[in-house]
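Notes to accompany the following structure.
Every number here is computed from the coordinates shown, using simple stated rules; none is lab data. What you are looking at is a predicted structure, and each value in this text was computed from that prediction instead of being measured. Glycine gets a Cβ as well: all are built from the backbone with ideal geometry, and neighbour counts include every protein chain shown.
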Number of protein chains: 2
Amino acid sequence: MTFDDSEIDLFYRKLETRTFKKKEFLLEEGSICKFNYFIIKGVVRSFFITKNGHEKITQFAIDNWWVTNMESFIKKTPSTQYIQAVEASTVLYISRENLEELYVANPKFERLFRIIAENMLIANLRKNDVFLQMNSKDRYSDFINKLPDFIQRVPQYMIASYLEITPEYLSELRKQVT
Amino acid sequence: MTFDDSEIDLFYRKLETRTFKKKEFLLEEGSICKFNYFIIKGVVRSFFITKNGHEKITQFAIDNWWVTNMESFIKKTPSTQYIQAVEASTVLYISRENLEELYVANPKFERLFRIIAENMLIANLRKNDVFLQMNSKDRYSDFINKLPDFIQRVPQYMIASYLEITPEYLSELRKQVT
């Protein structure tokens, strides 16, 4: 799917840009997620705090990925999760209102975001499959095969949290697999 | 979002209808999912077979829900899951090709299926939240609060499989909650 100069220009006029410092929050639990973020350069993570006070990471996003809390963004309900910069991250972001204006201005944007939503859904369903069907060693192999860039840029203890394995066991797996 | 008579007529011309008997498969593991299904009346389930030979249910759909294997449908890859009628079910279904023709004919359909994909994503993310954050008793309460119709129409042992609790414990919970 391609966009001509005037369409790209229209898109950029609806987008804003911002740089988040390492550990800065793009979204905090309890707030309404006002934006859909596109990572130009950086790494962010989504996580929630468990009843026992631990962080549970549910998603990473790096360069060229979109990230938001979809339910909060679409339904304007308080987010159950945080989104936080893992390293200094430069993002483009668009509000719900600007996105609706884009859809009305040109249906190609409706198409683009339909495809993005479908890909987000597929990624999520695939993650569920991995967690239901694979042991921790296979989960780690699957992760490095499908998302090799993440291994280089995300701290090990965060990958362990995401894959639901202990940091010690992850360290063992790294020795075996690499 | 509303459609006029000519738009509804266009939609129906791209849809086909079929009735599946109880236990009949809409999709088998290893096949490419050619259709997105809308349940007119009935109950279907998605499931896969674990390495140990057990069925693991990942989704139910009843009247007025869309159901497909999104990755297989979009990427034309073999499905990792089955979709099967839990009771006799009458469905409308649309092929990938007909859906693309609808998008081109009228961008309102692009919009409709963008919203459907977002809602499928939200439902899936919410399910993940429930499984990560709740114990089995809370998962059951959440399920009956959010999806009361399902409790009436889906056999208990299937709900137990979906919620990852034993049928015996589900039976206990039903006595406590209802």
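What does the protein assembly as shown give for Rg and for Dmax, in Å, if only its C-alpha atoms count?
Spelled out, the Cα radius of gyration and Dmax of the protein assembly as shown are 21.3, 63 Å.
Given an 8 Å cut-off on Cα distances and at least 6 residues of separation, report the relative contact order of chain A as a percent. Write down the numbers at each step before the final one.
Values: 261 pairs, mean separation 43.9, N = 178.
Value for chain A: 25 percent.
Considering only the label points, 7 Å along Cα→Cβ from Cα, what distances in nm to one decimal separate B:Lys41 from the same position in each other copy, shortest first?
From this label point to the equivalent ones elsewhere in the assembly: 6.1 nm.
Pick from B:Ile159, B:Ile32, B:Ile151: which is most flexible by mean-square fluctuation in a GNM of chain B where alpha carbon atoms under 10 Å apart are linked?
In this elastic network of chain B, the residue with the biggest mean-square fluctuation among B:Ile159, B:Ile32, B:Ile151 is B:Ile151.
Before anything else, pin down the relative contact order of region B:105-178: Cα pairs under 8 Å, at least 6 apart, normalised by residue count, whole percent.
Relative contact order for region B:105-178 comes out at 24 percent.
With the cut-off at 13 Å, report for region A:1-52 the share of all Cα pairs above it, as a whole percent. Please report the intermediate quantities before stating the final value.
Working: 952 of 1326 pairs.
Here the tail beyond 13 Å accounts for 72 percent of pairs.
How far is helix A:136-146 tilted off the main Cα axis of chain A, in degrees rounded to 10, range 0 to 90?
On a 0 to 90 degree scale, this one is about 40.
Within the set A:Lys51/A:Lys75; B:Lys21/B:Lys51; A:Lys23/B:Lys76; A:Lys137/B:Lys56; A:Lys14/A:Lys51, which residue pairs have Cα atoms separated by over 31 Å? The partial results should precede the final answer.
Details: A:Lys51/A:Lys75 25 Å; B:Lys21/B:Lys51 28 Å; A:Lys23/B:Lys76 39 Å; A:Lys137/B:Lys56 21 Å; A:Lys14/A:Lys51 39 Å.
Over 31 Å apart, Cα to Cα: A:Lys23/B:Lys76; A:Lys14/A:Lys51.
With +1 on each Lys and Arg Cβ and -1 on each Asp and Glu Cβ, and nothing else charged, work out how big the dipole of chain B is about its Cα centre, in Debye to the nearest 20. All intermediate terms of the calculation are to be shown ahead of the outcome.
Numbers: 25 positive and 24 negative charges, 82 e Å.
The dipole magnitude comes to about 400 debye.
Run the label-point distances for B:Arg96 please: 7 Å along Cα to Cβ, every other copy, nanometres, shortest first.
3.3
In nm to one decimal, list the spacings between the B:Glu55 label point and its equivalents in the other copies, with label points set 7 Å along Cα to Cβ, shortest first.
Counterpart label points of B:Glu55 in the remaining copies fall at 4.1 nm.
If only Cα atoms are counted, what is the Rg of region B:15-121, and what is its Dmax, in Å?
13.9, 47
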